[in-house]
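The values are calculated or read from the model by the stated rules, or taken from the named source; none is laboratory data. Given the structure is predicted, the values throughout are model-derived calculations rather than measurements. Note that we place each Cβ from the backbone using ideal geometry, even for glycine, and neighbour counts take in every protein chain shown. We work out accessible area using only protein heavy atoms, side chains counted, and drop any ligands, DNA or RNA first. Shrake-Rupley method; radii C 1.70, N 1.55, O 1.52, S 1.80 Å.
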Amino acid sequence: MATVLSVSGSPSATSRTARLLRHLDTRLREQGHDVIPLDVRTLPPEALLGADFGHPAIRHATSLFARADGVVIGTPVYKAAYSGLLKTLLDLLPQYALTGKTVLPLATGGTTAHVLAIDYALRPVLNSMGADHVVQGWFTLDRQITVTADGALTLDPEAAVAVTQVVDRFSAVLGGSLTPPPPALDTLTAGLAHAPAGVDR
């Protein structure tokens, strides 16, 4: 159906954010989409920090954005903002790299104090890059994500329902369906209780 670029902006090799994205990639593939994963942390640090637009890895990442119909952007929240690693990549992309694309922003964090980071920090950047449609995003608490010793991920029931609904809405928009209604308020707020700040985001 559509080509989706699934971007993790976490700097951690054991990232909950990346594992959540890869978990959701499977659902998108089951719905017929071609999903391309991109972990920003695997790009050369010298190219990101040195703003080397011509570096082969940066040019390849830019080409992945160009060929995608939809983009999932996942980030841990640090100090009420998206990760600095994600910012370094977004800063190297063309000004309107998201023109014509549907974008789904996702975030993870340790406390509901950061729940508005998507709307107040990330969404304006995505809109400024020309995104045609930034669909309803979602913030998942660290405590709602469990990673087993073998690397498998599970979500608590409330988070699983909410994230599935958000991803399915993104998929429906990509597929050209009529835009589904936004998630109900009780779904959007389900399970959001304060939790201690986590690690490996």
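Things worth noting here:
- Members of region 23-64 found to be within 21 Å of THR154 (Cα to Cα) and β-branched (Val, Ile, Thr), listed by number: THR26, VAL35
- Residue check: THR146 meets all listed conditions (1) closer than 18 Å to ALA117 by Cα; (2) at pLDDT 85 or above; (3) exposed (fewer than 15 other Cβ atoms within 10 Å of the Cβ) but one, namely (1).
- Scope region 78-105; condition open to solvent by 10 Å² or more (accessible area, probe 1.4 Å) and closer than 26 Å to ASP142 by Cβ; matching residues: TYR78, LYS79, ALA80, ALA81, TYR82, GLY84, LEU85, LYS87, THR88, LEU90
- Among the residues of region 121-153, those that are within 20 Å of ALA13 (Cα to Cα) and without any contact (Cβ under 8 Å) to a residue 40 or more places away in the chain comprise THR146, THR148, ALA149, ASP150, ALA152.
- Flag if ALA47 is open to solvent by less than 40 Å² (accessible area, probe 1.4 Å) and in contact with a strand residue (DSSP E or B) (Cβ under 7 Å, 6 or more places away or on another chain): no
- Selection count where residues are in contact (Cβ under 8 Å) with a residue 60 or more places away in the chain and charged (D, E, K, R), scope region 94-120: 0
- Any hit, region 13-27, residues being surrounded by fewer than 17 Cβ atoms within 10 Å (Cβ to Cβ) and over 22 Å from LEU174 (Cα atoms): yes
- Residue count for region 106-139 under the criterion of being out of contact with any strand residue (DSSP E or B) (no Cβ under 7 Å at 6 or more places or on another chain) and either closer than 26 Å to HIS60 by Cβ or open to solvent by 50 Å² or more (accessible area, probe 1.4 Å) (or both): the result is 9.
- Residue check for ASP52: at pLDDT 95 or above and open to solvent by 10 Å² or more (accessible area, probe 1.4 Å): yes
- In region 66-77, the residues that are open to solvent by 10 Å² or more (accessible area, probe 1.4 Å) form Cβ pairs under 6 Å with partners that are assigned to a loop (DSSP other than H, G, I, E, B), at six or more places apart or across chains, as follows: ASP69/ALA2.
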